[in-house]
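Step one of this worksheet: look at the structure below.
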Amino acid sequence: MKNPIPAFILLVCLASPALAAADPTGEWLVKDGTARIRINPCADALWGVIAWAQTPGTDQNNPNPALRNRPIIGMPILLRMKKVEPNRWEGEVYNAQNGKTYTSNISLVKTDVLRIEGCILGGLFCDGENWTRVTSMKDAPKPAPPKPGTNNGVCP
């Protein structure tokens, strides 16, 4: 009987470069399905903006009173995500539900699953969720039309 371990190692080695070469840019549906985030490159970093929300609204919990009336559609939430390893980007995430910004990291679990984590106390405590890549536009929630004055996925 052949030893199955070398075949398994070969399979892992062949699959790993594909994941490392995978790209987190594109549209992602958040875990609870209430929003879609569009991740785009911007200079040497990635930025993610809210492309669609089940309940569009304004950034009412922003600590800056001047920004509390801005629409959440087109609002950046993944900020300055820089590649630190072949499959890891670090930066910040803005949580519009409480108006706070946290250190964050993203990585691809699979080519169609993105893991996002937000951290506090210098990374001592982290929590996150998995987002699903939107691959079929017919099944995806439709994005809201671009609003005047928003970045609509362009670098902030």
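The values are calculated or read from the model by the stated rules, or taken from the named source; none is laboratory data. Quantities reported herein were computed from a predicted structural model and do not represent experimental measurements. Please note: Cβ atoms are built from the backbone with ideal geometry, for glycine as well, and neighbour counts cover all protein chains shown.
From the list Ile106, Ile72, Ile37, the lone residue that is touching a strand residue (DSSP E or B) at 6+ places or on another chain (Cβ under 6 Å), crowded, with 17+ Cβ neighbours inside 10 Å, over 23 Å from Asp23 (Cβ atoms) and at pLDDT 95 or above is Ile72.
So if I check each of Glu129, Glu117, which one is in contact (Cβ under 8 Å) with a residue 60 or more places away in the chain and either in a strand (DSSP E or B) or of a type in the set (Ser, Thr, Tyr) (or both)?
Every option except Glu129 fails the conditions.
Within segment 58-100, the set of residues being within 21 Å of Cys126 (Cβ to Cβ) and among the polar types (S, T, N, Q) comprises Asn87, Asn95, Gln97, Asn98. The strands (runs of 3 or more DSSP E) located wholly in segment 23-71 that include 2 or more residues which are over 12 Å from Trp131 (Cβ atoms) occupy 35-42, 45-53.
Could you give me the residue pairs with C-beta distances under 8 Å whose first residue belongs to segment 58-74 and is in contact (Cβ under 8 Å) with a residue 12 or more places away in the chain, whose second residue is in a loop (DSSP other than H, G, I, E, B) and hydrophobic (A, V, I, L, M, F, W, C) wherever it lies, and which are 6+ apart or on separate chains? Short answer, once both residue conditions are applied: Thr58/Ile72; Asp59/Ile72; Asp59/Met75; Asp59/Ala96; Asn61/Ala96; Asn62/Ala96; Ile72/Ala96; Ile73/Ala144. Taking segment 81-103 as the range and being under 22 Å from Gln60 (Cα atoms) and in a strand (DSSP E or B) as the test, the residues that pass are Glu92, Val93, Tyr94, Asn95, Lys100, Thr101, Tyr102, Thr103. Residue count for segment 40-57 under the criterion of being surrounded by 11 or more Cβ atoms within 10 Å (Cβ to Cβ) and free of Cβ contacts under 8 Å to residues at least 24 places away in the same chain: the result is 1. What about Cys126, is it at pLDDT below 95, more than 20 Å from Gly33 (Cβ to Cβ) and buried (at least 16 other Cβ atoms within 10 Å of the Cβ)? No: the conditions fail for Cys126.
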